[in-house]
Structure formats: structure tokens, C-alpha cells
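A short worksheet on the structure shown next.
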Amino acid sequence: MSRVNFGAKPYMFPQPVLIIATYDQDGIPNAMNAAWGITTDFNEITISLSEHKTTENLTQTGAFTVSFATESTAVACDYVGVESAKKVPDKFAKAGFHATKSEYVNAPLIDELPVAMECKVKSFKDGILIGEIVNISADESVITDKKVDLSKFKPITFDPFNNAYIGLGEKVGDAFKDGLALK
């Protein structure tokens, strides 16, 4: 096997395309795109974020939502990542997003993004946001048999090798089951 070296890069795959949404002090919704996040416990998410309008907001409100970009929302989700709310205060609306206030935290759910984590800020220090997941909600349009159906949801992943968004593929196995055949 011959390998190609890329050096030290944040190239992990797959990476969910996370859309972080907050309210500002006047109740105006904002959203940003973030790729470097992962669940770090059963009720915890950790995301690497630099300073943004969104991080100012979550520091003030103590809450945020994390939605997952989908194939049909890729353009809008990319837009909230390449545009700053400090320059374009209405970027949420310009992206075509509509907000519904979460029942669980003081943060907006994005109507166009069907699956979201509703979170309270546990800490935000040195660019690392740790949130307590208090609820996960999904629009009925992506539910089959009381479960999120990926064929309806159609989340995308960020491909850091090629700066691209990729749709997820087909099911290839059953977790916590298929490996039992080797016992």
C-alpha cells in the first residue's frame, strides 16, 4: 500500500454539517454553519467554534439549537456559514429560514431543517462549546415507525478533502448486531 501524506489537518470523515441557531438579546434568530462537532456523552455535544455573532448570542442566552443540514437545504446552510450576521443582520431570513421557538431552551428551531438538538450551554471557553442536550426533535415528515428515517431526512456530510457536501449512502449493516456473528 502506498500512502499520500496531507500533514496535520482536521480531515475526519464523515463530518455532519451542523447549523447552530441562537436568539440575540432582542429575540432575533441567527444561524451559523459548523463542521467540527461531535456528541461526547449521551446528553452532551462539543463543538469547536471561533468568535461569531452566534457565540455572542449563546453566551448571553445560555442556549442554542443544533440542526443538521440536508440535501435540499445545502445552499442555505452553506450561506449561513459564508456570511456574517455582523455584516448582514438578517442573514437568517435571507437564507430562507423561519424560526419556531424551542419549548425546551431559549433558542430557535429552524423550520426548514427537520432534525435538531435543543441545548443549554454548559461551557464555552477557548473556542470549545459544550452543550447539554435537553431534547432532540424531528419533524413528522422525516419519521417512519416512530424513528427518524434517513431516506426522508437526507442529511449531508462535509467532505474536508474536497470542500464538498456529500449525501449519505445506503444502509450497510446493523449496529450492535452484525459483529455478533464473529463471536
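When A85, A31 are checked against the criterion of being over 28 Å from K152 (Cβ atoms), touching a helix residue (DSSP H, G or I) at 6+ places or on another chain (Cβ under 6 Å) and not charged (D, E, K, R), a single residue qualifies: A85.
Among the residues here, A76 qualifies as under 14 Å from A21 (Cα atoms) and in contact with a Gly (Cβ under 7 Å, 6 or more places away or on another chain). Please state which one of F64, F42 is out of contact with any Cys (no Cβ under 6 Å at 6 or more places or on another chain) and of a type in the set (F, W, Y). From the options F64, F42, the qualifying one is F42. Selection of region 137-157 for residues being assigned to a strand (DSSP E or B), of a type outside the set (D, E, K, R) and out of contact with any Phe, Trp or Tyr (no Cβ under 6 Å at 6 or more places or on another chain) yields S137, A138, I143, T144, V148, T157.
Can you tell me which residues in region 95-139 are surrounded by fewer than 17 Cβ atoms within 10 Å (Cβ to Cβ), farther than 15 Å from T40 by Cα and in contact with a Leu (Cβ under 8 Å, 6 or more places away or on another chain)? Passing the criteria: T100, K101, G127, S137. Being farther than 19 Å from G37 by Cα and in contact with a helix residue (DSSP H, G or I) (Cβ under 8 Å, 6 or more places away or on another chain) is a condition met by at least one residue of region 112-119.
If you check V142 against the conditions, is it without any contact (Cβ under 8 Å) to a residue 60 or more places away in the chain, aliphatic (A, V, I, L, M), surrounded by 14 or more Cβ atoms within 10 Å (Cβ to Cβ) and touching a strand residue (DSSP E or B) at 6+ places or on another chain (Cβ under 8 Å)? Answer is yes for this residue. When restricted to residues that are under 21 Å from K154 (Cα atoms) and either under 15 Å from the mean Cα position of the chain (by Cα) or of a type in the set (D, E) (or both), region 88-116 contains 9.
Could you tell me whether region 55-72 includes any residue that is among the polar types (S, T, N, Q), touching a residue at least 60 places away in the same chain (Cβ under 8 Å) and closer than 21 Å to P114 by Cα? Yes, region 55-72 contains a residue that is among the polar types (S, T, N, Q), touching a residue at least 60 places away in the same chain (Cβ under 8 Å) and closer than 21 Å to P114 by Cα.
Annotation for region 16-32: at least one member residue is within 11 Å of the chain's Cα centre (by Cα) and at pLDDT below 95.
Yes or no, residue by residue, for (1) in contact (Cβ under 8 Å) with a residue 40 or more places away in the chain; (2) touching a His at 6+ places or on another chain (Cβ under 6 Å); (3) over 26 Å from L49 (Cβ atoms):
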position	(1), (2), (3)
V105	yes, no, no
E118	yes, no, no
I130	yes, no, no
S137	no, no, no
F153	yes, no, no
T157	yes, no, no
P160	yes, no, no
G167	yes, no, no
G179	no, no, yes
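On the stretch given as region 173-183, residues that are surrounded by 10 or more Cβ atoms within 10 Å (Cβ to Cβ) and outside any helix (DSSP H, G or I) total 0. Per the conditions (1) more than 16 Å from P16 (Cα to Cα); (2) at pLDDT below 95; (3) part of a strand (DSSP E or B), the sole criterion not satisfied by E170 is (3).
The values are calculated or read from the model by the stated rules, or taken from the named source; none is laboratory data. Quantities reported herein were computed from a predicted structural model and do not represent experimental measurements. For neighbour counting, all protein chains shown are included, and Cβ atoms are generated from backbone atoms with ideal geometry for every residue, glycine included.
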